Amino acid sequence: MTTGLTSPAATTSPTRADASPHAYDVGLLILRLALGLTIAAHGTQKLFGWFGGGGIEGTGQFFAQSGYPSGKTMAVIAGLSETFGGLGLVLGLLTPLAGAAVLGTMINALAVKWGGGFFAPAGVEYELLLLAGAAGLALTGPGRIAVDRFLPGLRAHRLRYGVAAVVLAVVIAALVLLIRD
């Protein structure tokens, strides 16, 4: 005769369903803060020359030397994409689009640095890490500790939002690369 009792280990062991959603939210917040602040700082280097950056003038010259037409205009576009994309990630505001802004910029950064190997200082490891983080956040959403949580259309992140944002970033980045010499 069986008693129908289960062992204590079977009833108290944690399962995936028991995992705290708060742990995921805090993890996504940490990722958003690190990635967003890093990329926003890079954007302010381009726009204002902060943190030892070249400002629009110096960054524009770099873009022109890298084969982009109208270097100053490209510097402004990259600076705005990085600054506002980064701040959007920090706040968890319009997260799929913020991730797409960073993703598109990093696709272009990879194209410029390609051929220097994988590892820093000449390689692409840094840009690839930023690209992957931005794409991941665009696809997963910001978690519950985010401004998006208070926006009706984005309250519940949908994978299709992230996929659409990633596709948009890839298409725009490809178009920009097509005009590069």
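General remarks:
- Cβ-Cβ FRET estimate between residue 120 and residue 50, R0 fixed at 22 Å, reported to 0.05: 0.50
- What separates the Cα centres of the range 38-63 and the range 69-120 is a distance of 12 Å.
- On a per residue basis, the range 50-109 carries 42 Å² of accessible surface, using protein heavy atoms and a 1.4 Å probe.
- From most to least packed by mean Cβ count within 10 Å, the peptides 71-81, 166-176 give 71-81, 166-176.
- Here P(r) over Cα pairs in 5 Å bins from 0, in percent was calculated from the structure, and among [x] 2, 5, 5, 5, 5, 4, 4, 4, 3, 3, 3, 3, 3, 3, 3, 3, 3, 3, 3, 2, 2, 2, 2, 2, 2, 2, 2, 2, 2, 2, 2, 2, 2, 2, 2, 1, 1, 1, 0, 0; [y] 1, 9, 14, 17, 17, 12, 8, 6, 4, 3, 2, 2, 2, 1, 1, 0, 0; [z] 1, 8, 17, 21, 21, 17, 11, 4, 1, 0 it sits at label [y].
- R0 of 25 Å, Cβ-Cβ distance residue 57-residue 30: FRET efficiency to nearest 0.05: 0.10
- Nearest-20 debye value, the chain charge dipole, Cβ charges on Lys, Arg, Asp, Glu: 360 debye
- A protection proxy built from the mean count of other Cβ atoms within 10 Å ranks the segments 153-160, 88-95, most packed first, as 88-95, 153-160.
The values are calculated or read from the model by the stated rules, or taken from the named source; none is laboratory data. Quick caveat: nothing in here was measured; it's all calculated off a predicted structure. We place every Cβ from the backbone using ideal geometry, glycine too, and count neighbours over all the protein chains shown. Ligands, DNA and RNA are stripped out before the accessible areas are found, and what is left, the full protein with its side chains, is counted by its heavy atoms. Shrake-Rupley method; radii C 1.70, N 1.55, O 1.52, S 1.80 Å.
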